[in-house]
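The structure under discussion is supplied below as structure tokens; questions concerning it will follow.
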Amino acid sequence: MSASKIKFTDVTGNVPENFYPSPCKFEIPEWMKSMSSYMPTDGNEDRPKFAILSDQQTNQTAKRCIPMMDALTSGYMIKLSHDINVTERDDSPYYQWRGGMGVSFHIPGQLYTHKATKNGDGIPKINNPWAVETPGGYSCLFTPPLNNEDSPIIPFSGIVDTDSYSAPVNFPFQLKEGFRGLIPAGTPLIQVLPFKRESWKMQIEIGRTAKINRIESSVQTIFRNVYRNMHWNRKSYS
């Protein structure tokens, strides 16, 4: 089966290749990259081998958590295409940049019930140079990089039907409270998760089902890699 295609177009023609979007598997945050797969023991910072700590626990860390890694590596990352320097002016953040499309603002009234406008400040937004296009029936979730606490920029999330609207969308954001300093070009900005539009209907059941019991029973049969080996489906983004 051929892979679906997502297309990113630089409408400015000026974004350096170093800062092009990339599959998220190449943008793992530093806190995860620096973590060992197994917990250090007895003060030894070397990576210890797999160990069973109790009937229910092993010494595996979050780096071995497939659901967390799936969240980190799914989709594509739009990165900041230019440096942004944040200083202080009139008790509010002041944004400076040398090139690129820079920062513009929504007036506070457009988000007047949100805490981000409590001081009367406008809502800053990154003027995004990238147009995103997907095949018919596919939309994109634009969201802050999942499980990533490193960036001082916290964008708002949004869904765009990128099969019909394939022009650039800008990214309103909140600045991490108290941050002042340089945000370098290449900083992960927006995780793009394409998905097929489908209709869903919710169903609620009470109590345990035979299927749930079977799944939980399978989890208790081996100490490691049970989800990876029995339930996980590999995702591919390139």
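Which whole-number percent is the relative contact order of the chain (Cα, under 8 Å, 6+ apart)?
Answer for the chain is 24 percent.
Across segment 140-198, what fraction of all alpha-carbon pairs, as a whole percent, falls in each successive 5 Å bin from zero upward?
4, 16, 26, 22, 15, 10, 5, 2, 0
Return the calculated 222 nm mean residue ellipticity for the chain, to the nearest 500 deg cm²/dmol, obtained by summing -39500 (n - 2.57) across DSSP H runs with n ≥ 4 and dividing by the residue count.
Rounded to the nearest 500, the figure is -3000 deg cm²/dmol.
Order these by the 10 Å Cβ neighbour count, fewest first: S157, S81.
S157, S81
Explain nothing, just the number: dipole magnitude of the chain about its Cα centre with +1 on each Lys and Arg Cβ and -1 on each Asp and Glu Cβ, in debye rounded to the nearest 20.
Roughly 820 debye, rounded to the nearest 20.
In straight Cα distance, which lysines are under 30 Å from K115, not counting same-chain residues fewer than 8 positions off?
K79, K125, K176
Also: In the set (i) 16.2; (ii) 13.9; (iii) 18.6, which value of mean projected area of the Cα convex hull in nm² was calculated from the structure you see?
Correct label is (iii).
Taking the beta-carbon count within 10 Å as an exposure proxy, list L175, L182, L189, L146 from fewest neighbours to most.
L182, L146, L175, L189
Can you work out the Karplus-derived ³J(HN,Hα) for every residue in segment 136-141? Use 6.51 cos²θ - 1.76 cosθ + 1.60 with θ = phi - 60°, whole Hz, and x for glycine or proline.
Karplus values, whole Hz, x for Gly and Pro: x, x, 10, 10, 10, 8.
Next question, about the same structure. If one takes the longest principal axis of the Cα atoms in the chain, at what angle in degrees, from 0 to 90 and to the nearest 10, does the Cα axis of helix 210-219 lie?
Computed tilt is about 90 degrees.
Would you calculate the separation in nanometres between label points at I206 and D91, each defined as 7 Å from the Cα along the Cα-to-beta-carbon direction?
5.4
While we're here: Which order results if T117, T134, T87, T12 are arranged by neighbouring Cβ count within 10 Å, fewest first?
So the ranking, lowest neighbour count to highest, is T87, T12, T117, T134.
A further question on this structure: Can you list the lysines whose alpha carbon sits under 22 Å from that of K196, skipping same-chain ones fewer than 8 residues off?
Cα-Cα hits under 22 Å: K5, K7, K25, K235.
Coordinate-derived values only; no laboratory data. Being a predicted model, the structure only gives us computed values, none of them experimental. All Cβ positions, glycine included, derive from the backbone under ideal geometry; neighbour counts span all protein chains shown.
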